[in-house]
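The values are calculated or read from the model by the stated rules, or taken from the named source; none is laboratory data. Predicted model, so just to flag it, every value in this text is computed and none were measured. Methodologically, a virtual Cβ is constructed for each residue, glycine included, from the backbone with ideal geometry; neighbour enumeration extends over all protein chains shown. Heavy atoms of the whole protein, side chains included, go into the accessibility calculation; ligands, DNA and RNA do not. Shrake-Rupley method; radii C 1.70, N 1.55, O 1.52, S 1.80 Å.
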Amino acid sequence: MDWLNFHHLHYFWVVVREGSIAAASRRLHVGRPSISSQLKALETSIGRPLFERRGRVLELTETGQMVHGYADEIFRLGRELSGVLRDRPTGRPAVLRVGIADVLAKLVSFGLLDVALRGPEPVVLRCREEPPTKLFAQLAIHELDLVLCDHPLPPNIDVRARAELLGESSVTVFGTPELAEGREADFPRSLDGAPFLMPPRESAVRRALEACLDDEEIVVDIVSEFDDSALMKTFGRAGHGLFPAPTCVRENVEEQYGVRAIGELATVRDQVWAITPERRHEHPALRRIVELAGESVFGA
């Protein structure tokens, strides 16, 4: 075999990903006979069968598994190249596509991304805010260059990516002057029975916060839960309850929301991770964000 027909290889790759020729036909908008003939042509050029039929199910042969592994890498690099060419047209600023987990504090996210805009090369930011699972899926197909999240990739997420801890901060509890009155003394015991606004149950800081309260045998009155950290602070400003936020942005939170810091929970750590896809071409702004994040936001 002197050369490989990548058109045939792509049909094979889609059949494996979709699970059947019928599903691949719907995905590619191509008739089943056409797909079958292209698979046969690929097998002929390779000289070995790629599938074996078990009843009505097609299973990969050993050769098919090997070819699929290479095809996966080939088309992954193809998507990466397409993204690089699309987002870096000649003479224009580089585009940095960032996914931000909705549980992250907006002030922290701003501080991390602000350094990207202050580099020697002009950068255009395209930011989207969603739950981490959705962002990881978009990272897998190279729709994002960076995901900022409060935790690294879970082991059950099959995404080729690397995660770097940008920094971490303790957590401080805030409240309106009326709710904060008298609670600075005997903190954190003074939180017992207090109305509380919480981040979502699946967030890392929520789990750490609940563990801390359990250790201290403190029971707060959870009046609301929020995926969006800014919305939680807005409700806190209106006096609906106390709320947690990273200590590193304490002054900004107090000034922006008109609340008061009640006390610091030193054992509760709010982390920020940078998750980037494994690729040969690294966006010029990514290394700057990783290297300067500690100094710009966390004071490290």
Task: Low-density loop positions, GluC sites (Glu not before Pro), the range 118-201 - DSSP coil, at most 11 other Cβ in 10 Å - done: 181
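Run through the DSSP bridge list for the chain and note the antiparallel percent, rounded to the nearest 5.
Values: 25 of 41 bridges.
Here the antiparallel bridges make up roughly 60 percent for the chain.
Scan the chain and report its longest stretch carrying no trypsin sites (Lys or Arg not before Pro) that are both in a DSSP loop and have at most 16 other Cβ atoms within 10 Å. Display every interim value, and only then the final one.
Working: sites that count: 56, 118, 160, 201, 280.
Between exposed loop sites, the widest span is 202-279.
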Task: DSSP bridge orientation in the range 173-282 - percent antiparallel, rounded to nearest 5 - done: 50
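Considering only protein heavy atoms and a 1.4 Å probe, what is the carbon-and-sulfur percentage of the accessible area of the chain? The partial results should precede the final answer.
On the way: 7860 of 15700 Å².
That fraction is 50 percent.
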TODO: Return the whole-Å distance between the Cα centroid of the range 120-196 and the Cα centroid of the range 10-55.
DONE: 43
Open item on the list: Using a 7 Å offset from the Cα along the Cα-to-Cβ direction at both residue 170 and residue 56, what is the distance between the two label points in nm, to one decimal?
Closed with: 6.3
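Quick one: accessible area per residue over the range 103-145, 1.4 Å probe, rounded to a whole number of Å²?
Numbers: 2110 Å² over 43 residues.
I get 49 Å² per residue for the range 103-145.
How large is the helix-only mean residue ellipticity at 222 nm for the chain, computed as the sum of -39500 (n - 2.57) over DSSP H runs with n ≥ 4, divided by its residue count, in deg cm²/dmol to the nearest 500? Present the calculation step by step, with values, prior to reporting the outcome.
Details: 11 runs with 126 residues, N = 300.
Counting only the DSSP helices, I get -13000 deg cm²/dmol.
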Open item on the list: Output the 0 to 90 degree angle, nearest 10, between the alpha-carbon long axis of helix 204-215 and the longest principal axis computed from the alpha carbons of the chain.
Closed with: 40
- [ ] Enumerate the amide H contacts of residue 196 below 5 Å, restricted to partners 5 or more residues apart or on another chain; note that Pro and chain-start residues carry no placed amide H.
- [x] 221, 222, 223, 224, 242
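Quick one: length gained pulling residue 34 to residue 22 fully straight, 0.36 nm per residue minus the C-alpha distance? Could the numbers behind the result be given before it?
Numbers: separation 12, 0.36 × 12 = 4.32 nm, distance 1.13 nm.
This chain segment gains 3.2 nm when fully extended.
Below 11 angstrom from the Cβ of residue 137, what's the summed charge of the other residues (Lys, Arg +1; Asp, Glu -1)? Walk me through the numbers before you get to the answer.
Details: positive: 134; negative: 130, 143, 158.
Around residue 137, the charge tally is -2.
Largest first, what is the accessible-area ranking of 248, 127, 149 with a 1.4 Å probe?
Values: 248 45, 127 75, 149 0 Å².
Accessible-area ranking of 248, 127, 149, largest first: 127, 248, 149.
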Task: chymotrypsin sites (Phe, Trp or Tyr not before Pro) within the range 1-76, DSSP loop, no more than 14 other Cβ atoms inside 10 Å - done: 3
Task: Derived scalar couplings ³J(HN,Hα) [the range 172-187; Karplus, 6.51 cos²θ - 1.76 cosθ + 1.60; whole Hz; x for Gly, Pro] - done: 10, 9, 10, x, 4, x, 5, 6, 7, 3, x, 8, 5, 6, 6, 6
